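Asker: One structure coming up, written as structure tokens, with questions to follow.
The values are calculated or read from the model by the stated rules, or taken from the named source; none is laboratory data. Because the structure is a prediction, the values reported are computed rather than measured. For neighbour counting, all protein chains shown are included, and Cβ atoms are generated from backbone atoms with ideal geometry for every residue, glycine included. We work out accessible area using only protein heavy atoms, side chains counted, and drop any ligands, DNA or RNA first. Shrake-Rupley method; radii C 1.70, N 1.55, O 1.52, S 1.80 Å.
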Amino acid sequence: MSTPTIAVALHDGFFSCGTGAARSNRAFLEILVRFLSAGVRLVVLPVHLTSESSEYNLTWHQQMHDLVTRAGGEVISLDNGTNGHTRFGNLAAFRRLCAAGGDAITQEVLPAAGPLLIIAFDCPFYGLAAHLPTEARARLVAVAHSTAALHAPDDDARVGWERDGLHAVSAAGGCVAVISAHMRTHLIDDYRLPAESLSDLPNGLTATDWQRIAPPDLRLLPSAARSGFLLAMGRAVPYKGFDDLLDALVVLANAGVRLPHAVIAAVTDDPHPTPYQRHLLTRITTEKVNATLVNRFDPRLRSLLIHPALAAVVVPSRVEPFGLIPLEAFVAGAAPVVATTAGGLAELVTEKTGFPARPRNPASLASAIAKALAISPAERARLRAAGRHLTATRYNYETTVRGFLQRHAPWALAQAPTG
């Protein structure tokens, strides 16, 4: 007997929460289980992490497991060849993961599925189509949060593998979902995907996100920041632009601008500092930058967005497919927001909602920070209202996900109550 089925494959967001993609994937699943008709089978296929992995988060895993099981769903964990140690890995891990995902879907999902939708989130699953039976490939949606061409442009092997995998999805009649206008343009121009194979699934925030920020955890704030601070958050990788931020702070200090303490959360899941984090700390120390570096990821860091001493949020990215931090800042009422116009950030932080700066340009970033710190209370209130309005009207993730399901799996949606 065939059962309507939605299978969701994801590399982050089930066992761990260390990236923006994890938060987006969790939000997608939270919305999905609310919208699903009672007769639809849900299968979640996450990359397996052991409890010994530095990336594993017990609380997050328990919450996600409960979410899926309460909805009557099943979890089939996938091995990417790292023995549960790493959710992402290298190209070899991606190949292993796609083979494992293809086997699991073919053997455990397809025999009883009909109709079917397979949603595979992000780069590690871009090669999944080649491991699926022909008839299943047309029911595959590859959700493109990022690409190697953006984040690892020198990795020719991975760029080629991703391009071939996404073209295989398109050629089979499946589609590639894009999270921003920037990603749509990027995939058409740089990966040569046909526009008709792309489907919009813009990222955003949920109603829960508007309520989820906890009271600020004062233990996360260094004493030097208690009277005022700048906040920058992101993964500890060069393309997040933390070097450009340090350069901008040095420019401002040399110009005599009085700066609040900078809290730079350039984070990883690793308990030990990475070479890049050590590089940032060396710069802060030797160049006498008025800043504190936070190394370890902690979900509570976002509580600082509602701290009354927050002077501004800075997003100095060199590359950014979308950019959740400005939206999270808007929802928290944090203003002003300074961000580069890299990728999807240009759609979020404009002169109406904050202070944009050119990417990879410390002088431009310094100018934007100086302007942000000089605004009046009335201007701060105007920016706060504009940011919240933008998030509520254009980046409502519930509306986005429901529209996506209506296009690709209308049979899976519960009927809205009438009367």
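Asker: Keeping every protein chain in place, order K240, K288, K371 by accessible area at 1.4 Å, biggest value first, i.e. largest first.
Answerer: K288, K371, K240
Asker: With every protein chain kept in the model, how would you rank H48, H272 by accessible area, 1.4 Å probe, largest at the top?
Answerer: Values: H48 70, H272 125 Å².
The ordering from most to least exposed comes out as H272, H48.
Asker: Let me ask something additional. Give the dimensionless ratio obtained when the Cα radius of gyration of segment 338-418 is divided by 2.2 N^0.38 Å.
Answerer: Ratio of Rg to 2.2 N^0.38 Å for segment 338-418: 1.55.
Asker: If you stretched the chain out fully between D79 and Q415, how much longer would it get, using 0.36 nm times the residue separation minus the C-alpha to C-alpha distance?
Answerer: Result: 117.3 nm gained on full extension.
Asker: Among 242-252, 82-92, what's the highest-first ranking by average C-beta atoms within 10 angstrom per residue?
Answerer: 242-252, 82-92
Asker: Could I have the simple spin-label model distance between K352 and R394, label points 7 Å from Cα toward Cβ, reported in nm to one decimal?
Answerer: 0.6 nm
Asker: Sequence gap at least 6, Cα distance under 8 Å: using those rules, report the relative contact order of the chain to the nearest whole percent.
Answerer: Computed over the chain, the figure is 15 percent.
Asker: According to the square roots a ≥ b ≥ c of the eigenvalues of the Cα gyration tensor, what is the shape class of segment 207-364, taking rounded for a/c under 1.5, prolate for a/b larger than b/c otherwise, and oblate for the remainder?
Answerer: Note, shape of segment 207-364 comes out rounded.
Asker: In Å², and per residue, what accessible area does the chain have when probed at 1.4 Å with the other protein chains present?
Answerer: 41 Å²
Asker: Tabulate in residue order the Karplus-calculated ³J(HN,Hα) for segment 68-81, using 6.51 cos²θ - 1.76 cosθ + 1.60 with θ = phi - 60°, rounded to whole Hz; enter x for Gly and Pro.
Answerer: Per residue, the Karplus-derived 3J(HN,Hα) values read 6, 5, 4, 7, x, x, 10, 10, 10, 6, 10, 8, 9, x Hz.
Asker: Using only the heavy atoms of the protein chains and a 1.4 Å probe, how would W210, W60 rank by accessible area, largest first?
Answerer: W210, W60
Asker: Need the full-extension length gain, A255 to R192, defined as separation in residues times 0.36 nm minus the C-alpha distance. One decimal, nm. It would help to have the intermediate numbers written out before the result.
Answerer: Values: separation 63, 0.36 × 63 = 22.68 nm, distance 4.56 nm.
The A255-R192 span can extend by a further 18.1 nm.
Asker: If you don't mind, there's one more thing I want to ask. Calculated from DSSP H runs of 4 or more alone, at -39500 (n - 2.57) each and per residue, what is the 222 nm mean residue ellipticity of the chain, nearest 500? Numbers along the way, then the final one.
Answerer: Details: 14 runs with 157 residues, N = 419.
Using -39500 (n - 2.57) per qualifying helix, the result is -11500 deg cm²/dmol.
Asker: Further question on the same structure: In degrees, nearest 10, range 0 to 90: what is the angle between the Cα axis of helix 397-408 and the longest Cα principal axis of the chain?
Answerer: The two axes meet at around 30 degrees.
Asker: Looking at the chain, send over the antiparallel percent of its DSSP beta bridges, to the nearest 5.
Answerer: In the chain, DSSP labels about 0 percent of beta bridges as antiparallel.
Asker: Shifting gears a bit: Relative to the longest principal Cα axis of the chain, at what angle does helix 20-35 sit, 0 to 90 degrees, rounded to 10?
Answerer: 50 degrees
Asker: Using a Gaussian network model of the chain whose springs link C-alpha atoms within less than 10 Å, name the residue from F297, F121, F35 with the highest mean-square fluctuation.
Answerer: Most flexible of the set in this elastic network: F35.
Asker: Then there is this: Please get the size of the charge dipole for segment 167-271, origin at its Cα centre, with Cβ charges of +1 on Lys and Arg and -1 on Asp and Glu, quoted in debye to the nearest 20. Intermediate results must be reported in sequence, preceding the final value.
Answerer: Numbers: 8 positive and 11 negative charges, 79 e Å.
Computed about the Cα centre, the dipole is about 380 debye.
Asker: Evaluate the charge dipole of segment 1-105 about its Cα centre and quote only its size in Debye, nearest 20, assuming +1 on the Cβ of each Lys and Arg and -1 on the Cβ of each Asp and Glu.
Answerer: In debye, rounded to 20, segment 1-105 gives about 240.
Asker: Of the labelled options (1) 37, 23, 20; (2) 51, 29, 17; (3) 42, 31, 19, which one gives semi-axes √(5λ) of the Cα gyration tensor in Å as computed for this structure?
Answerer: (1)
Asker: Oh, and also: Among L230, V159, L78, which residue has its Cα furthest toward the positive end of the charge dipole of the chain, with +1 on Lys/Arg Cβ and -1 on Asp/Glu Cβ?
Answerer: About the Cα centre, the residue reaching furthest to the positive side is L230.
Asker: For segment 172-224, rounded, prolate or oblate, judged on the Cα gyration tensor with a ≥ b ≥ c (square roots of eigenvalues), a/c < 1.5 rounded, else prolate if a/b > b/c?
Answerer: prolate
Asker: Same structure again: Residue by residue through segment 217-225, which ³J(HN,Hα) values in whole Hz follow from phi under the Karplus form 6.51 cos²θ - 1.76 cosθ + 1.60 (θ = phi - 60°), with glycine and proline marked x?
Answerer: Once θ is set to phi - 60°, the couplings for segment 217-225 become 8, 5, 5, 7, 9, x, 4, 5, 9 Hz.
Asker: Right, another one. Which angle between 0 and 90 degrees, to the nearest 10, do you get for helix 91-104 versus the longest principal axis of the chain when only C-alpha atoms count?
Answerer: 40 degrees
Asker: Which percent of the Cα-Cα distances in segment 35-101 go past 20 Å?
Answerer: Values: 815 of 2211 pairs.
Percentage above 20 Å: 37.
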